[in-house]
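Taking it in order: structure first as structure tokens, then the write-up.
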Amino acid sequence: IAKRRWFGLKDQAIKATRITNLINIGDDAHEILLTEIEVKTPGATTRWLLPLAVLWEDEPSAALPNRLALARVRRGRRLGLLTDAFALPSFARQFATCLAASKEFTYADGVVRFNSTETGRAQLEAIPDADVNWLAAEQSNSSLTVGNAAMLKIYRRISAGEHPEAEMGRYLTEQGFSHAPELLGDVVRVASDGTPYTLAIALGFVRNEGDAWSWILDHLTRALDALAPAEIAKGSEADLLADCEAVAGAIGRRLGEMHAVLARETSAPAFAPKVAAAADTANWAQKAEDRIQSAFEAIVRQQTWERDQDRERAQALMGQRESIVAAVRTLARSGVGSVMTRIHGDFHLGQVLVASGDAYIIDFEGEPAASIAERRVKISPLRDVAGLLRSIDYAAATLIDRKSVGAMPVDYAQRDQLVARGHGSRGH
């Protein structure tokens, strides 16, 4: 169970694991090993990055590296813990040093290259002793900040090919798009056959007030609380909704500006726009239809409903099943001749940072369940727009679900009116 949790494979049985690469990127003071572990399950063989280091008992210690320790070690009289190097400040500082110097480390089957951008090099050189702060754990990545200059993300799951986040970050940085974190550098292992495997990236630090999902949900909850008779609100419900509308507008503008950059003519094959053919739109329709059918099957399986209104809406939706599928096919055909570009690919409110009323787009990895090749495919930019609208609807649904937001009790009619006003503002 512990191994399945470690490798993000909770629903799969692990048949075997083995260390495939062990690359020392440390210095005289700290040994840091970039360790790659191959994991075999009944359905696939995957690779995972587990950087290792020793935390010696005579060194300052925090709680995290102790919790992540794998084994006790001894060197002479010195005792320590073998742990995930990512939890140690020395790991972050060594990574920044290696990136700033564009170092290379050879190993049996190739080379690991620390590639810094021209502007990134200077920023990375300036942070050798900066404070390190670890960010909340993600499903298959780990992130930290070094001072107020850089954010380092390592990819726990390693995939072959040009990584879309590094690729998009480099291109948008070169094109002067300033509302995504600047790419400072990336770390790529290149096998002897030339196949690249991106292990980590470094991005410019963006001082922010949190992601847009949390920010907007907090403001909507406070707006709902302001409707409660006993609540003494710090800001009026109207002001809070106006703030949400302003941030939503900023997100839309920045998304539009990003797609204007991605729609430019360029000599870079990976970013040159294409025109959608009938085969492309037919593929869109088929994928959409598959998801719609899965959604309908989930409705059929639903045995109980919390509210009668939900049951009635589900029944009404089921009655429109054929017309919805027909509409999807018609709309897809109308996309023939439209522009296809690279897109974010997994765009929602959680992929945006709110900063002084403005928006910064982050996390260009694409759909986590898709292959690297699938994430780099050119498609309609409206897919990102749809992702944003869906996320806003999720925020409204979360507000309706009182169990998940914990606001003060208010009248259902007032709550629904508030949600409707929010949707009306979105439509404008």
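The values are calculated or read from the model by the stated rules, or taken from the named source; none is laboratory data. Since we're looking at a predicted model, the values are computed, not measured. We place every Cβ from the backbone using ideal geometry, glycine too, and count neighbours over all the protein chains shown. Protein only, heavy atoms only, side chains kept; ligands, DNA and RNA dropped before computing areas. Shrake-Rupley method; radii C 1.70, N 1.55, O 1.52, S 1.80 Å.
Observations on the model:
- Under 5 Å between amide hydrogens, built in the peptide plane, is the criterion, and for Ile158 it picks out Arg47, Trp48, Leu49 among residues at least 5 positions away or on other chains.
- For Asp384, Asp308, the ranking by accessible surface with the largest value first comes to Asp308, Asp384, using a 1.4 Å probe.
- Taking the 1.4 Å solvent-accessible surface of the chain as the whole, the part contributed by carbon and sulfur is 52%.
- Rounded, prolate or oblate (a/c below 1.5 giving rounded, otherwise prolate when a/b exceeds b/c) for the range 252-296 by Cα gyration tensor: oblate
- Where trypsin sites (Lys or Arg not before Pro) in DSSP loops with at most 10 other Cβ within 10 Å are excluded, longest remaining stretch of the chain: 78-206
- Anisotropy class of the range 111-170 from Cα gyration tensor, a/c 1.5 cut: oblate
- Segment Asp218..Ala327, full-extension length gain: 35.6 nm, with 0.36 nm per residue of separation and the alpha-carbon distance subtracted.
- Mean-position separation - Cα centroids, the range 321-348 and the range 163-187, in angstrom: 27 Å
- The chain, helix-only ellipticity at 222 nm - DSSP H runs n ≥ 4, -39,500 (n - 2.57), divided by all residues, nearest 500: -12500 deg cm²/dmol
- Solvent-accessible heavy-atom area per residue, rounded to whole Å², over the range 204-360 at 1.4 Å: 56 Å²
- Projecting the Cα atoms of Ala298, Gln309, Ala278 onto the dipole axis of the range 270-320, where Lys and Arg carry +1 and Asp and Glu carry -1 at the beta carbon, places Ala278 farthest toward the positive end.
- His259 - accessible surface, heavy atoms, 1.4 Å probe, Å² rounded to 10: 20 Å²
- The charge dipole of the chain, taken about the Cα centre with unit charges on the Cβ atoms of Lys, Arg (+1) and Asp, Glu (-1), comes to about 1260 debye, rounded to the nearest 20.
- Angle in degrees between helix 237-262 and the longest Cα principal axis of the chain, rounded to the nearest 10: 60 degrees
- Of interest is the spacing of the C-alpha centroids, which for the range 295-316 and the range 38-63 amounts to 44 Å.
- Global geometry of the range 76-232, whether rounded, prolate or oblate, following the gyration tensor of its Cα atoms and the 1.5 cut on a/c: prolate
- Lysine pair count for the chain with Cα-Cα distance under 12 Å and sequence separation of 8 or more or different chains is 4.
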